[in-house]
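The values are calculated or read from the model by the stated rules, or taken from the named source; none is laboratory data. As the structure is a computational prediction, the values presented were derived from the model and not from experiment. Ideal geometry is used to build each Cβ from the backbone, glycine not excepted, and the neighbour counts take in all protein chains shown.
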Amino acid sequence: MFESETATPRQWVLELESEYRFEVEAGSSCAITLVKGRAEVFGAELVEGKPYVFGSECKAAIFTWLGCTIEMTLRKLHGSPVPEGEPEGSTEPPRVLILGPENSGKTTVCKILVNYAVRSGQGWAPMLVNVDPSEGGWAVPGALSAAAISGPIATCSTANPLGSAATSAPTTLASNALLPFAYWYGHDDTKKNSLLMDRLIRNLGMHIDDRLGNDPEGRTAGVIVDTPSSFASGPGATTEHRQKLIKACIDAFQINVILVVGHEKLNVEMQRAYGSRLTVVKIPKSGGVVELDRSYRERVHNYQVHNYFYGEVIAPPPGVKSATQGGETLTDLNLAPSSTAVNFSDLKIYRIGAETMAPSSALPIGAARVVSEMQPVAVDPSQPGSGLLNAILAILAPFHTDERERYDEEILDLNVIGFVVVTNLDIAHKKMTILSPTQGSLVGRTALIGSLEWQE
Amino acid sequence: MSLYQNYYAQPSYGSQTYTQPPPVANGYHHPLTPPQAAYSVDPATFRRDFSARLSQLTVNSRPIIQGLSMYAHDYVRFAEIVAQCLEAHIRAVPPWVKLPSFYLLDMISKNIFEPYARLFSTFVIPLFLETYQQVDEATRSKMVELVLTWRTGSPTGKELFGVPAQVQIERSIWGETSSSSASSHPSSGFIAKAQVLSELEFTLGQKERAVQANPSDATSQNHVHVLQQLRRLIEAGVSQDELKQILSQLRTLMRSNPPSTASQPPQVSNTPVPSQWPSQPYTAPQSYPQTPSYPYAAYPSSKTENTVSSSSASVPPPSVATVPAGGFADLLSSLVKSGVLSNTGTPLGAGATAKEDTLHSINEEQEASRTYRSFVLRHPIQLSTAGITRGRPPIAETLYDHLTSQCKQCGIRFSDSVTGKKVMEEHLDMHFKQNMKANLNVGRGHSRSWYTGIDDWVHDTVDRKGKGRADGSRPLSGKAAAAADAAKRDAELRAQFVVVPPGDEAKPISCPICKETLKSEFLEDDEEWVWRNAVKKDERIYHATCRAEALTNTLASRLLNTGRSRSVTPETQVLPSKKASPSPESLVGVKRKAEDIDSTLSQLEGTPPSKKLAIAS
């Protein structure tokens, strides 16, 4: 929405413990200023008098414990008081798994928990783990990742819902320069290759455990795990699959609290399965949660990939000056990726398992799979139908330097150092054009392809 | 500086001073040579000439600045025109050439003072602050140094442009702090760590230059040491009170600092030097560290003791040392009193002090987290669905009353405790640095960084509390730190050299460990041939790096002890590198031992030692 004249700001007085919910329309932005009182967005406190801009179809809420006055430039919706509850409090550091169906606000719950932990003033930096491959986290959709969060995560856009991975730009907030650790699953659906999911979750857990072993203080801050909605519900046939992955998470991250967001059946299920050895708590689904459709999620994927390469600058509404975008005063948040042509032979590309794969259970009885789900298959870019054009590739960390430490499936356990997109394939000259987040040669690297694509 | 002494000592300096007039662009007559200048007295001509010469001042060149300063001195009657031209010039030129003009302004005001300082003071505040906004970080720190010299810049040791001007400038630079330089004791109020640090850096810089100029000056060396120690302390974080103490002591010190002319090379008579001026840049505080007090010596009216210490320029340190020693003794004793420095030992006990300090703060932190824990656990909230929806903890108290101060930039809150204040201070410092960086980086392309590897990620735990990334750079992981350490050690080793005995320049000599020839090199400064990366031990020359490597290996140290049996004479023939020549049986036993070491080392490291070092660096 483009408005020629300066939009007139509107003021709202929020009662104590109420929130102001809003949605930003595609292509527009809004700016909210805390005029008086105290307020926060999903646990990250706002500074009085500073306009905060929101964009990329962001759906968020300004909450106040004590009441406040806010001023909004542009758009929409009404506030309704909704009480919120905060858990936590045990002798053991909390290691929380958040489960819930689609559109229940799982990611938001994670964010609120992390923000309150950070806010305690105790120097805690909880480990936030994202095992939802349909959510980009600090990477792009298709990845599983973890990062220690030492500062509040701001909300300003759907493009970076959990803060932002480090760039070369100087940033104000610690959560906009995170150092995530990521694996590439490559699909947004957890059912596509649940064996791989299982393995990556366990790998992630192992390395987090290694890290926290070195860092008692980090361990104290706890672990918070966001999960995909497919863990919570699905057709009956997938129950086994769900339970396996939940089990993997509980083992890998040594979970001691399960929070079930607004799903009675799942709560009962979890109580029955784990209630004896860990705490299962059901928390009500917030009335503010917005139902999202498939096309919205697709657009969000696009924003996230675009944000990974190009960063994001939200144009503030007309008349709003010196606004802050997710806590950053910097207006120079544009990133410059690099586009280079490489030879086919420069990059070894693999796909895990065959391209289109029916679940094992769907195969005729007695039929064995030709290519196993976990087998790396080399992708030949010169073959038509390689699926490389517009594909998102994950660039893997190098293989073990010591030949003797290598093993057949090592490629499955390599973490991701970054993502590239194949923007052009020139089969005749055996060259492809690659969009890479930063300069630097990729010759000799190994990459994994998944089923995710992106086009500018 | 010698020039200035001449300049004042010799009121009738002649045209020699102008033997090097800056070239006039248009070649339009030669108004700049003094004889002519002396005749052309009309203000318009002077204005034109002065502006023309001023326009030459686009780089930091001492001759130009000095020339202009003298020109201004000669035509004091046109002081107003000088002031107007200078102001217009500074306003007109692009930011990166403003600093030299400020140096000129500084030199004129300090050395001529009346009426220039008075005239300049009418515009110097806005001009300085405006410029400060426009320039880059490096220039800013230079400008801050300049401002610091202004505190004592007047002939009487007072503020060069008056107290209000000084205060206003300092406030604008460091924010609403108590930079009242009117009294040497800062009034109460918040003192930014950055401010104290930059003042300390300034004093330290002066002292370091003094040491450089006169390495035998033990007093200054000691001062440098104390100041460095102080800097570490401040960087580690000290309380407001301590900062205040340090600041006031530093200022007293800077005031009482006698002309450090002692640090300058001995005065060379009255011979005018203009034609030999090296065209070195004029860097205000660096090249005349004694500026603050210089006018003391220059003005006949100033106190005798200062003149004495100034004229005792070439006298070795002890006589000069007295005054600053007093200052430093005060500094130290008062710091000891306030508990900033440990009083257990000499000022050299920095390590112990820092340790104590850390211990202290660790205790404080523990105390704070204990308090927090008991506060939080006081509220019985069940971790159950009913418990968390029904329980109503005192939210406002937890979130706001316990954490009273909020960062105005990002909204993070801090407690009011000593630790909390310290953390907040660090946090604000971090913002300050990041903002500086952001301003510097505007328009430069940024990009998403690659993620870290497993090892770095697993060991990257310094990040906690955002302390690690205070400067925006990634905290060094254990591995990276080790590599950096190795690189540093290697660089140090490589910097070592042995002077080649006269006559041996052409003789090839090889390192007994790696068998490679030592490369000789001519050192310009010392005018000597030396072997780089070399150490002499028991009459034999080794590569410093090889020896260090060998010493860490017991096998090798055994060789070094037995190695005496070998010819001491440098080998006249270079052996091919060991890889190329499989050690033949004919090699003497000791040699084979050397081979063993090499191969042991290379087995250990995977690569030959020299290569490994190259990689490490």
Subject >> Subset of the stretch B:106-143 (residues that are in contact with a Leu (Cβ under 9 Å, 6 or more places away or on another chain), more than 23 Å from B:Glu201 (Cα to Cα) and buried (at least 22 other Cβ atoms within 10 Å of the Cβ)) >> reply: B:Ile108, B:Ser109, B:Tyr116, B:Ala117, B:Phe120, B:Val124
Subject >> B:Leu146 vs. criteria surrounded by 14 or more Cβ atoms within 10 Å (Cβ to Cβ), aliphatic (A, V, I, L, M), free of Cβ contacts under 8 Å to residues at least 60 places away in the same chain and part of a helix (DSSP H, G or I) >> reply: no
Subject >> Count of the stretch A:89-108 residues which are within 12 Å of chain B (Cβ to nearest Cβ) and closer than 15 Å to A:Lys282 by Cα >> reply: 1
**OP:** Within the stretch A:192-217, track down each residue that is touching a Ser or Thr at 6+ places or on another chain (Cβ under 6 Å) and more than 9 Å from every other protein chain (Cβ to nearest Cβ).
**Re:** A:Met197
**OP:** Determine the pairs where a residue that is more than 7 Å from chain A (Cβ to nearest Cβ) and of a type in the set (A, V, I, L, M, F, W, C), located within the stretch B:446-460, has a partner that is surrounded by fewer than 20 Cβ atoms within 10 Å (Cβ to Cβ) and in a helix (DSSP H, G or I) with Cβ atoms under 6 Å apart, the partner being 6 or more residues away or on another chain.
**Re:** none
Original post:
Hey, which of the strands (runs of 3 or more DSSP E) in the stretch A:387-456, taking only ones fully inside, have at least 2 residues that are touching a Gly at 6+ places or on another chain (Cβ under 6 Å) and at pLDDT below 90?
Top reply: A:445-453
Subject >> Selection count where residues are under 21 Å from A:Trp454 (Cα atoms) and in contact (Cβ under 8 Å) with a residue 40 or more places away in the chain, scope the stretch A:276-313 >> reply: 16
**OP:** Six or more apart or on different chains, Cβ under 8 Å: which pairs go from a residue in the stretch A:109-132 that's at the interface with chain B (Cβ under 8 Å from one of its Cβ atoms) and buried (at least 24 other Cβ atoms within 10 Å of the Cβ) to one that's in a strand (DSSP E or B) and hydrophobic (A, V, I, L, M, F, W, C)? Could you list them?
**Re:** A:Ala125/A:Ala148
**OP:** Return only the number of the condition from (1) touching a residue at least 12 places away in the same chain (Cβ under 8 Å); (2) within 14 Å of chain B (Cβ to nearest Cβ) that A:Asn390 does not satisfy.
**Re:** (2)
**OP:** State yes or no: is B:Glu505 acidic (Asp, Glu) and at pLDDT 75 or above?
**Re:** no
**OP:** Please tell me if B:Gln406 is within 8 Å of another protein chain (Cβ to nearest Cβ), surrounded by 15 or more Cβ atoms within 10 Å (Cβ to Cβ) and modelled with pLDDT of 80 or more.
**Re:** yes
Subject >> Matching residues in the stretch A:259-296 - criterion: being among the β-branched types (Val, Ile, Thr) and within 11 Å of another protein chain (Cβ to nearest Cβ) >> reply: A:Val260, A:Thr279, A:Val280, A:Val281, A:Ile283
Original post:
Which of the following residues is facing another protein chain (nearest Cβ under 10 Å) and without any contact (Cβ under 8 Å) to a residue 60 or more places away in the chain: A:Ala248, A:Ala221, A:Ala177?
Top reply: A:Ala177
**OP:** Run down B:Ser342, B:Ser338 and say which single residue is more than 9 Å from chain A (Cβ to nearest Cβ), modelled with pLDDT under 75 and buried (at least 17 other Cβ atoms within 10 Å of the Cβ).
**Re:** B:Ser342
**OP:** Say whether the condition of being out of contact with any strand residue (DSSP E or B) (no Cβ under 7 Å at 6 or more places or on another chain) and within 12 Å of chain B (Cβ to nearest Cβ) is met by at least one residue in the stretch A:407-425.
**Re:** yes
Original post:
So which residues in the stretch A:148-174 are within 9 Å of chain B (Cβ to nearest Cβ), crowded, with 24+ Cβ neighbours inside 10 Å, of a type in the set (A, V, I, L, M, F, W, C) and closer than 25 Å to A:Glu40 by Cβ, if there are any at all?
Top reply: A:Ala148, A:Ala154, A:Ala165, A:Leu173, A:Ala174
Original post:
Within the stretch A:425-456, how many residues turn out to be under 27 Å from A:Tyr303 (Cβ atoms), surrounded by 15 or more Cβ atoms within 10 Å (Cβ to Cβ) and among the charged types (D, E, K, R)?
Top reply: 2
Original post:
Mind checking whether some residue in the stretch A:266-277 is surrounded by 20 or more Cβ atoms within 10 Å (Cβ to Cβ) and either within 21 Å of A:Ala60 (Cβ to Cβ) or touching a Gly at 6+ places or on another chain (Cβ under 6 Å) (or both)?
Top reply: no
**OP:** Just give me the residues in the stretch B:65-90 being more than 17 Å from B:Glu114 (Cα to Cα), of a type in the set (A, V, I, L, M, F, W, C) and in contact (Cβ under 8 Å) with a residue 60 or more places away in the chain, in sequence order.
**Re:** B:Ile65
